[in-house]
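Data block below; observations after.
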Amino acid sequence: MITDLCLDTSKQNDPLYDLSHANTMALACLADTVVTLTAESQLDTFMASTDSSQPLFVLSGGSNVLLPSKLHAIVLRPKMRGITITAQTQDYVEIEVMAGENWHDLVIHTVDQGWYGLENLALIPGLTGAAPVQNIGAYGVQLEDYMQYVRAYHLPSKTWHQLTAADCEFGYRDSLFKRTPNTWLISRVGFRLHTDPTKVLANYGDVQTVAQTYAEQQGRALPAPRDVMHAIIDIRKQKLPDPQQLPNCGSFFQNPIISQNQFESLQSIYPNIVGYPMPTSTVKVAAGWLIEQAGLKGSGIEPIVTHKHQALVLTNHTPYQATQADVATAQNHIASSVYDKFAITLCREPVWVNADGTIGQEHAV
Ligand code: EPU
């Protein structure tokens, strides 16, 4: 049986169809049809009964999407729950996590169990099933470092597949799933986590210092994964707005990658420009720095404004009323201001959803 399945479009103000509380940017959005899945078999049943020409759109935690005011697609919401140990040795544990598990709760659970690796990815909003789509990454760790496989349903052919990490074609905030939207519905994610409490990655920004303080409070000479997790939670809380209090969808732009030559010529004008060397003579530039230098930290075009502590995050000051059009206005203003000053094109990170459920253009300008 398909829970919450409602096909009567006359009920458009039913909370089942109102997705304004189902996206962390809190954009106004009414959908024609929403199907909530609590078991994989419900997807088989639903897909067997549906007309294949109807557009489908997969909505997970809603933390990296920009929804349209009217969404004329069948919205599939994977909410399957469960965490299972699939293999265990002294050195590692393998777990399989259902798509509907909250990501941050999963991170806390794994660290509590003594299974390590995901601690640097604490406090990232969203559900586990969406994590591979964007290859979520923070503080030196990306999902692909610990993910082994996904189980996913291929919507066009109505078949289930197991994809290895290599099959997922991960890149910086990128994957096969992101490049082929509305094609795959991820239902399970497999991880291999380690059990060595002395192995941590804490060399990013303030993480080492804050984690060391936590360690000493607990009588540990050096930070354990738990200390790193708490440090990252603190740092994120200081810099990033809580979507429950100030709606946002995390980093709004990717950090652009430019040539070493362009970086050096910008550096001669702006000695403080923040960049990280990348392979093949390129440099990844901090988009938050560029936006701040363009004079747009804490501003934008109301009601969509950059966050006062992290210019890379756009926030919505009129939750459940602001629309995608408001986001586009602010986004274009910010991206063109940065382009005018630095000749660098910013690329939007969250997924732009069109009214028919298709995915919009990647580039912001
Ligand atoms: N910066 C500024 N002004 C700003 C923001 C940043 O000057 O308004 C400078 C910082 O001082 C720092 C540099 O830019 O020198 C980088 O800033 P930060 O460490 O905050 O990281 P980020 O590159 O802005 C990325 C991810 C974040 C992730 C952090 C930490 C992208 C697009 N974003 O941000 O991801 O939390 O690193 O690893 O890669 C998210 O996905 O929602 C997200 C927040």
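Could you check, for the range 299-317, whether at least one of its residues is part of a helix (DSSP H, G or I), more than 21 Å from GLN134 (Cα to Cα) and open to solvent by 20 Å² or more (accessible area, probe 1.4 Å)? Write out each step before concluding.
First, pick out the residues of the range 299-317 that are part of a helix (DSSP H, G or I): none.
No: the range 299-317 contains no residue that is part of a helix (DSSP H, G or I), more than 21 Å from GLN134 (Cα to Cα) and open to solvent by 20 Å² or more (accessible area, probe 1.4 Å).
Please verify whether the range 252-261 includes one or more residues that are open to solvent by less than 30 Å² (accessible area, probe 1.4 Å), near the ligand (Cβ under 8 Å from one of its atoms) and closer than 24 Å to GLY300 by Cα.
Filtering the range 252-261 down to residues open to solvent by less than 30 Å² (accessible area, probe 1.4 Å) leaves 252-253, 256, 258.
If we keep only those that are near the ligand (Cβ under 8 Å from one of its atoms) too, we end up with 253.
From what is left, the residues that are closer than 24 Å to GLY300 by Cα are 253.
Yes, the range 252-261 contains at least one residue that is open to solvent by less than 30 Å² (accessible area, probe 1.4 Å), near the ligand (Cβ under 8 Å from one of its atoms) and closer than 24 Å to GLY300 by Cα.
Of the residues GLN267, GLN245, only one is out of contact with any Pro (no Cβ under 9 Å at 6 or more places or on another chain) and in a helix (DSSP H, G or I); which? Write out each step before concluding.
Details: GLN245 fails: in a helix (DSSP H, G or I).
Going through GLN267, GLN245 in turn, the sole match is GLN267.
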* Structure fact -> For the range 41-82 the number of residues that are more than 27 Å from GLN324 (Cβ to Cβ), under 24 Å from the mean Cα position of the chain (by Cα) and open to solvent by less than 60 Å² (accessible area, probe 1.4 Å) is 3
* Would you mind finding the one in ALA322, ALA231 that is more than 9 Å from the ligand (Cβ to nearest atom), in a loop (DSSP other than H, G, I, E, B) and not charged (D, E, K, R)? => ALA322
* With respect to the numbered conditions (1) at pLDDT below 95; (2) touching a helix residue (DSSP H, G or I) at 6+ places or on another chain (Cβ under 7 Å); (3) not basic (Lys, Arg), which one is the sole condition not fulfilled by ASP51? -> (2)
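Is it true that TYR149 is in contact (Cβ under 8 Å) with a residue 24 or more places away in the chain, open to solvent by 30 Å² or more (accessible area, probe 1.4 Å), touching a Lys or Arg at 6+ places or on another chain (Cβ under 7 Å) and away from the ligand (no atom under 16 Å from the Cβ)?
Numbers: in contact (Cβ under 8 Å) with a residue 24 or more places away in the chain: yes; open to solvent by 30 Å² or more (accessible area, probe 1.4 Å): yes; touching a Lys or Arg at 6+ places or on another chain (Cβ under 7 Å): no; away from the ligand (no atom under 16 Å from the Cβ): yes.
So TYR149 fails the test.
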* Picking from ILE291, ILE186, which residue would you name as being farther than 19 Å from VAL141 by Cα, open to solvent by less than 30 Å² (accessible area, probe 1.4 Å) and within 13 Å of the ligand (Cβ to nearest atom)? -> ILE291
* For ALA328, are the conditions met, namely being more than 15 Å from the ligand (Cβ to nearest atom) and not in a loop (DSSP other than H, G, I, E, B)? -> yes
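Taking PHE170, is it over 29 Å from VAL207 (Cα atoms) and either within 15 Å of the ligand (Cβ to nearest atom) or among the aromatic types (Phe, Trp, Tyr) (or both)?
no
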* Would you mind telling me which numbered condition in (1) touching a residue at least 12 places away in the same chain (Cβ under 8 Å); (2) over 30 Å from ALA221 (Cα atoms); (3) more than 16 Å from the ligand (Cβ to nearest atom) LYS199 fails? => (2)
* Being small (Gly, Ala, Ser) and in a helix (DSSP H, G or I), is that true of even one residue in the range 348-365? -> no
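The values are calculated or read from the model by the stated rules, or taken from the named source; none is laboratory data. Small disclaimer: the values here were computed from a predicted structure and weren't measured. Backbone-built Cβ (ideal geometry, glycine too); neighbour counts: all protein chains shown. The accessibility values were calculated without ligands, DNA or RNA, using every heavy atom of the protein model including side chains. Shrake-Rupley method; radii C 1.70, N 1.55, O 1.52, S 1.80 Å.
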